[in-house]
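This report concerns only the one structure given below.
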Amino acid sequence: MITNSIGLSQYLLLSSLIFSIGIFGVLTKKHIISVLFSIELMLNAVNINLVAFNKFLPDVFVAGQIFALFIIVVAAAEIAIGLAISIVIFRGKGTLVLEDFNLLKH
Amino acid sequence: MGDLFWLYPLPLLAALIIIFIFGDQLQEKSGLIGAVGSGLVFILSITLAPAVFSGDKLVYSFQWFPGVNLGFRIDGLSWIMLIVVTFLVSLILLYSYSYMEHEKGLRRFFSFMVLFGFSMVQLIVADNLLQLFIAWEIMGLCSYSLIGFYFEKSSAASAGKKAFLTTKVGDVFMLLGILVLYAATGSFNYDEIFSAASSGLISLSEIALATLFIFGGVVGKSAQFPLHIWLPDAMEGPTPVSALIHAAAMVKAGMYLMIRLYPLYEVSEFTLKIIMIVGTITVLFAALMAIFADDFKQVLAFSTISQLGYMTVALGCLGAFPALLHVINHAFFKALLFLGAGSVIHSVGTGDIRKMGGVFKYQKITGSAMLLGTLSIAGIPGFSGFVSKDEILLQVYEHGSLFSYYILLLTGMLTAFYMFRLYFMVFTREKRSDYHGHESPVSMLIPLVLLGIAAVFSGRLKNPLMGLLNITETAHHNNIVVYSSVAAALIGIVGALLIYYLKIIDIKNYDSVISGPKKFFQNRYYFDYFVEEIICKYFVKISGMITMAIERWIFDGIVIFAAKSIKIISNYTKVADQYIVDGFVNKTAAITKTFSGISNFIDIYIFDGAVRFIEIVTVRKGEIMLYWNNGKIQTYLLWTVVGIILIVSLIGGVF
């Protein structure tokens, strides 16, 4: 019963919800680590989208899942670089609060 | 198998690569790898014995670039050198395995040691002068790096530099010599040069010039007077390095080159005379310094110079074979002496022989091996040094000048004296300082024992070697020569015995007589001082003066001449200027002035006004934008998101 009631639109709704939470986090969180978490959320929302489309659209075989895998890899790389940059920034400035970073102004 | 003989040095290269890559992990074990590599080359070379003894000459060459071949050649001479060198390199590396145990920078050390051995092998198997020269220079580099191994010590660093630069002086001559030969024959190949020489393609004067120049290189590399100054300082390196330089590589490379090119030297009487003079000076010169030296390794260094002088004298009077024999014997006993010195210094902790004494009690094996080496270098019958030294003396007696012969005899006495002085001071009598003697580890003793055996028996190689090199006759046997050389050696030994062992003669009583010459010899005849303070200084001064002169008279002259001529020309043009050009210019100026008044008005009110307007607008805009540009990434992102939403909405048709 329950499985029948979940269609493509539910998945999309879920993913857009997560994506929005992600964007909200990116825009409002003060700490770099939290922002990185939020970016992860956004990427995973996209993953859900891809897998859902793969399941519900005809004639796509596993393309969506493969793309999801790619995104997982990219996310891992991105988080590694993100953390590395955070460490370097922390060494330089002694803080990871985004408010304090306004070098782009100059 | 035989065709691949030119690949036989490869194990050494492989060892070099392994040490270079894994040296930091292997640490002192690199020494074992190098020893195995060199040992493999030794064994592979031995397999060539049947071919070499049957009189074959193995040659393999291929084109390097048009006109120049890369070639490898093994004949009797290079074969025996190859055997001796790889054997010694292998033992010395085995020895360094324990000797260098707790040192830093072992990867560098062993890489250069093996490279040293490898380039010596390449030098030996090269079949042309160019290839030999390359290997020769690589050895120069290795010696620089190894002598300066303890580069934190400034004396070691400058000793390395001194070795490099001094030998480089010789190398320039050598390159000139090689180029003279190339210019005359169009080839670097030994055989082609020899055949060109024997067919009279090169004139005698060209041969004399080339051989003299190449001898210059040998003087540098083999530490002959006056370029010997680097060798005593080379003691700053670790002892295995000294052993390698003195016994297997470097100084022997020079002798090998002379013997290799002997067909050229043979025909040039003038060069031979020079060689003999240089050799004779070196022999005595170095032996006198050795008597007064107080550093273990320094005594050995001076003795090397002196012994190399023996070889040079032999080469100066048609004695290539005695010289070769002495090269081989000297290689064995000098390696033995150096490794023994290292073994003693390792346990006593200083190289100063005045602080030693009584070492034999602690180091019986080292002491016995050293005794064999000392007897051998002193020229006692039954030991190898006697055989070759005797050959040299006979050769000089027969073909050389009597003066040289007497000098050699005298030096024989001095050699026995200073070697036994060294031996008695180090190994016998009472301790002269507080040290804890102990015998060295096994891997240091194995090379010592093997070399001790070699130092006794390598003289037996004489007859096989004569067969190998197709030499049918040597100098005639002459009892007077033999007896006098033995007597000279015995006098030296007895003298050392009386002064340093039995102490019947107390040298302190003769202080007033000795102290003058002692100071003179300990300062190495002030020769280093002379070179550094006078030659170098004046060389710099004179070259500065020459540069100045060139600048002042030639360059400045040109400039002044140019300036003067321009001045004259300008005087003429001045007249033309005043009347023709100036008049024209004045008229033009008046017209231009009028026009510029008009354009000035337009400028101020129209163009400037527009510019000011733009400026005001820009500044205002900037002020407004500055508010948004707060440098915070999240603000930028917010606007990005807002923008995306707007665009998507537009596309989606919301508005």
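The values are calculated or read from the model by the stated rules, or taken from the named source; none is laboratory data. Computed from a predicted structure; not experimentally measured. Positions of Cβ are generated from backbone atoms using ideal geometry, with glycine treated the same way; all protein chains shown enter the neighbour counts.
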Filter result (under 24 Å from B:Leu325 (Cα atoms) and among the aromatic types (Phe, Trp, Tyr)) within segment B:81-98: B:Phe87
Hits in segment B:630-642 - residues which are loosely packed, with under 15 Cβ neighbours inside 10 Å and facing chain A (nearest Cβ under 7 Å): B:Asn630, B:Gly631, B:Leu637, B:Val641
Every residue from segment B:19-47 that is closer than 18 Å to B:Ser119 by Cβ and surrounded by fewer than 17 Cβ atoms within 10 Å (Cβ to Cβ): B:Phe20
Test: residue in segment B:181-190 that is under 16 Å from the mean Cα position of the chain (by Cα), surrounded by fewer than 23 Cβ atoms within 10 Å (Cβ to Cβ) and assigned to a helix (DSSP H, G or I): no
Helices (runs of 4 or more DSSP H) within segment B:1-74 that include 1 or more residues assigned by TED's automatic domain parsing to the domain that holds B:Thr86, within 18 Å of B:Leu94 (Cα to Cα) and modelled with pLDDT of 85 or more: B:10-26, B:29-46
Complete set of residues in segment B:75-110 that are assigned to a loop (DSSP other than H, G, I, E, B) and either under 14 Å from B:Leu26 (Cα atoms) or modelled with pLDDT under 85 (or both): B:Met100, B:Glu101, B:His102, B:Glu103, B:Lys104, B:Gly105
Residues located in segment B:39-60, provided they are of a type in the set (Ser, Thr, Tyr) and over 30 Å from the mean Cα position of the chain (by Cα): B:Thr47, B:Ser54
Selected residue (only one of B:Ile229, B:Ile214 is more than 16 Å from B:Ser143 (Cβ to Cβ), assigned by TED's automatic domain parsing to the domain that holds B:Phe302 and of a type in the set (Val, Ile, Thr)): B:Ile214
Residue match in segment B:609-627 (condition: within 14 Å of chain A (Cβ to nearest Cβ), surrounded by 10 or more Cβ atoms within 10 Å (Cβ to Cβ) and over 60 Å from the mean Cα position of the chain (by Cα)): yes
B:Ile645 being closer than 25 Å to A:Phe24 by Cα, touching a helix residue (DSSP H, G or I) at 6+ places or on another chain (Cβ under 9 Å), surrounded by 11 or more Cβ atoms within 10 Å (Cβ to Cβ) and within 14 Å of chain A (Cβ to nearest Cβ): no
Count of segment A:50-106 residues which are within 14 Å of another protein chain (Cβ to nearest Cβ) and either in contact with a Lys or Arg (Cβ under 8 Å, 6 or more places away or on another chain) or part of a helix (DSSP H, G or I) (or both): 14
Which listed residue is under 15 Å from B:Val121 (Cα atoms), buried (at least 20 other Cβ atoms within 10 Å of the Cβ) and under 22 Å from the mean Cα position of the chain (by Cα), from B:Leu88, B:Leu77: B:Leu88
Condition met for B:Ala549 (among the hydrophobic types (A, V, I, L, M, F, W, C), outside the structural domain of B:Leu422 (by TED's automatic domain parsing) and over 34 Å from the mean Cα position of the chain (by Cα)): yes
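Residue-by-condition table, conditions (1) assigned to a strand (DSSP E or B); (2) under 23 Å from A:Ser86 (Cβ atoms); (3) within 14 Å of chain B (Cβ to nearest Cβ):
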site	(1), (2), (3)
A:Ser9	no, no, no
A:Leu13	no, no, no
A:Ser16	no, no, yes
A:Ser20	no, no, yes
A:Gly25	no, yes, yes
A:Val35	no, yes, yes
A:Met42	no, yes, yes
A:Asn47	no, no, no
Residue within segment B:255-266 that is of a type in the set (D, E, K, R), in contact (Cβ under 8 Å) with a residue 60 or more places away in the chain and assigned to a helix (DSSP H, G or I) present: yes
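Okay, residues lined up against (1) touching a strand residue (DSSP E or B) at 6+ places or on another chain (Cβ under 8 Å); (2) loosely packed, with under 12 Cβ neighbours inside 10 Å; (3) touching a residue at least 40 places away in the same chain (Cβ under 8 Å):
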position: B:Glu473; (1), (2), (3): no, yes, no
position: B:Asn478; (1), (2), (3): no, no, yes
position: B:Val481; (1), (2), (3): no, no, yes
position: B:Ser484; (1), (2), (3): no, no, yes
position: B:Ala487; (1), (2), (3): no, no, no
position: B:Leu490; (1), (2), (3): no, no, yes
position: B:Ala496; (1), (2), (3): no, no, yes
position: B:Asp506; (1), (2), (3): no, yes, no
Residues being among the hydroxyl-bearing types (Ser, Thr, Tyr) and within 19 Å of B:Leu106 (Cβ to Cβ) - total across segment B:139-163: 4
